[in-house]
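The values are calculated or read from the model by the stated rules, or taken from the named source; none is laboratory data. Just so it is clear, the structure is predicted and the values come from calculations on it, not from any experiment. Counting neighbours? That spans all protein chains shown, and the Cβs are built from the backbone with ideal geometry, glycine included.
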Amino acid sequence: MPNGPTFLTLPSRVSKPRARGLTHVLDKALTVPATHALIAQCADLIDIVKVGWGIGYVDPHFSERVAAYRAAGVEVSLGGTLLEVCAAQGKVAELRDWALSCGVSVVEVSNGLGLLDRESKAALVRQFSTDFTVAAEVGSKDQSVPVIADEWIAEMESDLEAGAQWLVTEGRESGTVGIYHGNGSVRDDLIDAIGARIPLERVIFEAPSKAQQTWFIATVGPDVNLGNIATDDVIPLETLRLGLRADTALQISAINPVQASHH
Amino acid sequence: MPNGPTFLTLPSRVSKPRARGLTHVLDKALTVPATHALIAQCADLIDIVKVGWGIGYVDPHFSERVAAYRAAGVEVSLGGTLLEVCAAQGKVAELRDWALSCGVSVVEVSNGLGLLDRESKAALVRQFSTDFTVAAEVGSKDQSVPVIADEWIAEMESDLEAGAQWLVTEGRESGTVGIYHGNGSVRDDLIDAIGARIPLERVIFEAPSKAQQTWFIATVGPDVNLGNIATDDVIPLETLRLGLRADTALQISAINPVQASHH
Amino acid sequence: MPNGPTFLTLPSRVSKPRARGLTHVLDKALTVPATHALIAQCADLIDIVKVGWGIGYVDPHFSERVAAYRAAGVEVSLGGTLLEVCAAQGKVAELRDWALSCGVSVVEVSNGLGLLDRESKAALVRQFSTDFTVAAEVGSKDQSVPVIADEWIAEMESDLEAGAQWLVTEGRESGTVGIYHGNGSVRDDLIDAIGARIPLERVIFEAPSKAQQTWFIATVGPDVNLGNIATDDVIPLETLRLGLRADTALQISAINPVQASHH
């Protein structure tokens, strides 16, 4: 924020590259001009852009957009569903080569379709971590699959062991599966269980809605890693982290002045 | 998709101009730069843009935007409500002249306000089909009007007979009327009844939500005609058609490899 | 609308600067190109842009965007939460100086966090009305705070007395608090009570959803002042005011031809 105002006392935020307080954005096929506009507006606030599911495969300007993000210091991730489809079709090597040729820096290894066992998934994590940073996603995209904390944590530990840099907890764009109940509210017992066993700076919580972002910021703190943030919500999310929106103002700005420092 | 990747086996999609698998987009007053950006991104994926309801009458850059769409091979439709208001005010001839002067190629003839009887509607279809391609919409915008399959089909047959090129089934931008129940779920018995009597390549199903698009693609197939697609959803919809999003991946990519061909 | 069509009979709308029929837009951090595109599209339809809550403090291009809006004859307001946080941190003078340096013309004085008593709020209205146009917001952002019409009206009268130009009735971006029930429906008894005591041209009703906009236009009239309009909804709202969308067409265009004049 060059030349921005500095008269308020706000939580301090680390500059990029940072290990905490990551903002992981979901790009659902921005146009080229909108990509450049987003970068000009807030590249310093965005750590990773995920071009969701198989959009990268279809978007005719994918390579051009990846290059623009990377030139601005933003990591670019493929969506996990694309890798799952490639694995089901025996095209993992082709995906790797294509992703490298496009300049993609992060690969998401997920099992949202439920076609992989834990070992196959870990093998993909191991394989891709040679050439890419791996974000391993945990959780099904299917609401009917039961969510069992011990299984999630075992999978997370297996993925970390296999070389994953980040663990992404499933929430989808809708925020109604994985770490959320069908009505969008947080499975707080699951979050507690994860927090007790996994280092939180390695976890990116998918939190597409404002209420979900608010819950994590109020509960875990302004430097929680949050994912699946809409491209329009990057600056609004930053205001939530800083206590400059009503939803978090009392928790961040006024009630906890102790943990605040000069912004 | 020039120079795009081709290593996956996906449903084949016909190039424009095409008779099936149409994507009909709802434009709710894009700005001029956003119009150009959309065209540059995915004009080959868009068959028809409908500038919704009376927006064309108010948008100061309507003619300029119509010209941009048409130059890129995208048909442009007026919204049906505008014609209904014109009919109520006795200004149908004025609408026709103005639409021709703007370069509009498609006119939607609807009866969402319920002011027309079936004969008057068919007469408008007949009248406009001289100068324009006519998309005849069936269904009320009012949730309290009962939905009766036989009446829908009789109206569709009457509109086809009068010269309509396409039949658009009402869903609105909200997806909660016409072919949908109030909660957004599909009236599948109505769709079955339509499919049994009307050639589906002549029908455009308004399907604004991802769940509705998924239902039609999984039920009717990747080449179903879908309408009222948000401008941001054109590429996401294409990924649904191709089985590159979790919602349709199992139905399209993995479970039905038989119907797939090289993309 | 230079060179636009004029063949329909529509409600007359006053040109800017106008005292009634204001459209007050919520800007949630548009990019710079999107700001310019919005201005080029419909600056004549926008009376005030509110850069919501603390976004102005974080947006690195805030001053540049304020200048663009002001050059196009659009007033720019700060969000009330920013002032509330500044008041809680004893930084009101700093806010004033910074806002003046950015070219902000309107300051919203609100009490959404509930930290101010009525007198302190009126004092802020008085203080800021020296240098800015003041929009005083009434209502809590907290759903659990009871909504009592007499208290709202007393606060509105106190704010007007203190120098507020406009009174903004709380609805938030969600449209589920203040003048709305939790399900988004309008508290019509509250609106009646306000209308009986406060001049409606001084009131801006926050109405983020189409249903809420429709209710106010159908109930109060096309020239009601509406606020928290999304940047994408400016032209769609204008079509609602003019009866060119199905939701208001019967009320505005057809049923009340008496109150219509040439557009």
**Prompt:** In the stretch A:59-71, is there at least one residue being at the interface with another protein chain (Cβ under 9 Å from one of its Cβ atoms) and either within 19 Å of A:LYS141 (Cβ to Cβ) or touching a Ser or Thr at 6+ places or on another chain (Cβ under 9 Å) (or both)?
**Reply:** yes
**Message:** Residue under question is A:GLY182, and the condition is that it be in contact (Cβ under 8 Å) with a residue 40 or more places away in the chain, of a type outside the set (A, V, I, L, M) and assigned to a loop (DSSP other than H, G, I, E, B); does it hold?
**Reply:** no
**Message:** Take the conditions at pLDDT 95 or above, farther than 24 Å from B:GLY52 by Cα and not aliphatic (A, V, I, L, M) and apply them to B:PRO257. Does it pass?
**Reply:** no
**Asked** So which residues in the stretch C:202-237 are more than 14 Å from chain B (Cβ to nearest Cβ), of a type in the set (Gly, Ala, Ser) and either in contact with a Cys (Cβ under 8 Å, 6 or more places away or on another chain) or part of a loop (DSSP other than H, G, I, E, B) (or both)?
**Response** C:ALA207, C:GLY221
**Asked** Quick check: is even one residue across the stretch A:67-79 of a type outside the set (Phe, Trp, Tyr), assigned to a helix (DSSP H, G or I) and farther than 24 Å from B:HIS36 by Cβ?
**Response** yes
**Message:** Cβ contacts < 6 Å: first residue at the interface with another protein chain (Cβ under 7 Å from one of its Cβ atoms), restricted to the stretch A:5-16; second residue surrounded by 15 or more Cβ atoms within 10 Å (Cβ to Cβ) and outside any loop (DSSP other than H, G, I, E, B), any location; separation 6+ or different chain. Result?
**Reply:** A:PRO5/C:TYR57; A:PRO5/C:TRP98; A:PHE7/C:GLU94
**Request:** Scan the stretch A:164-183 for residues that are over 22 Å from A:GLU201 (Cβ atoms) and among the acidic types (Asp, Glu) and jot them down.
**Result:** A:GLU173
**Prompt:** B:ALA162 passes all but one of (1) touching a strand residue (DSSP E or B) at 6+ places or on another chain (Cβ under 7 Å); (2) modelled with pLDDT of 95 or more; which number fails?
**Reply:** (1)
**Request:** Only residues in the stretch B:58-75 that are under 14 Å from B:ALA99 (Cβ atoms) and without any contact (Cβ under 8 Å) to a residue 12 or more places away in the chain count as the first member; pair them with residues that are surrounded by fewer than 19 Cβ atoms within 10 Å (Cβ to Cβ) and among the aliphatic types (A, V, I, L, M), Cβ under 6 angstrom, at least 6 apart or cross-chain, and list the lot.
**Result:** none
**Asked** Quick one: which of A:VAL125, A:VAL109, A:VAL74 is away from every other protein chain (no Cβ under 14 Å) and touching a Phe, Trp or Tyr at 6+ places or on another chain (Cβ under 7 Å)?
**Response** A:VAL109
**Asked** Does C:THR81 meet the test of being crowded, with 22+ Cβ neighbours inside 10 Å, more than 16 Å from C:THR133 (Cα to Cα), within 14 Å of chain A (Cβ to nearest Cβ) and in contact with a His (Cβ under 9 Å, 6 or more places away or on another chain)?
**Response** no
**Complete:** Over the stretch A:86-144, the set of residues out of contact with any helix residue (DSSP H, G or I) (no Cβ under 6 Å at 6 or more places or on another chain), without any contact (Cβ under 8 Å) to a residue 40 or more places away in the chain and under 27 Å from A:SER185 (Cα atoms) is A:GLY114, A:SER140, A:ASP142, A:GLN143, A:SER144
**Request:** Return the total of residues in the stretch A:38-57 being over 23 Å from A:SER101 (Cβ atoms), of a type outside the set (Gly, Ala, Ser) and at the interface with another protein chain (Cβ under 9 Å from one of its Cβ atoms).
**Result:** 5
**Given (1) modelled with pLDDT of 95 or more; (2) under 28 Å from B:SER140 (Cα atoms); (3) outside any helix (DSSP H, G or I), index of the condition B:LEU244 fails** = (2)
**Message:** Let me confirm something: among C:GLU161, C:GLU201, C:GLU206, C:GLU157, which residue is buried (at least 20 other Cβ atoms within 10 Å of the Cβ), touching a residue at least 24 places away in the same chain (Cβ under 8 Å), charged (D, E, K, R) and under 25 Å from C:ARG18 (Cβ atoms)?
**Reply:** C:GLU206
**Request:** Filter the stretch C:17-37 down to residues that are away from chain A (no Cβ under 14 Å), assigned to a loop (DSSP other than H, G, I, E, B), on the phi < 0 side of the Ramachandran plot and in contact (Cβ under 8 Å) with a residue 60 or more places away in the chain, then give me how many there are.
**Result:** 3
**Pick from the stretch C:84-106, criterion more than 9 Å from every other protein chain (Cβ to nearest Cβ) and within 20 Å of the chain's Cα centre (by Cα), ranking: nearest to A:LEU250 (Cα to Cα)** = C:ALA99
**Complete:** Sole miss for B:LEU250 among (1) part of a helix (DSSP H, G or I); (2) surrounded by fewer than 22 Cβ atoms within 10 Å (Cβ to Cβ); (3) modelled with pLDDT of 95 or more is condition (3)
**Asked** Which residue out of A:GLU84, A:GLU108 is closer than 21 Å to A:GLY178 by Cα, charged (D, E, K, R) and outside any helix (DSSP H, G or I)?
**Response** A:GLU108
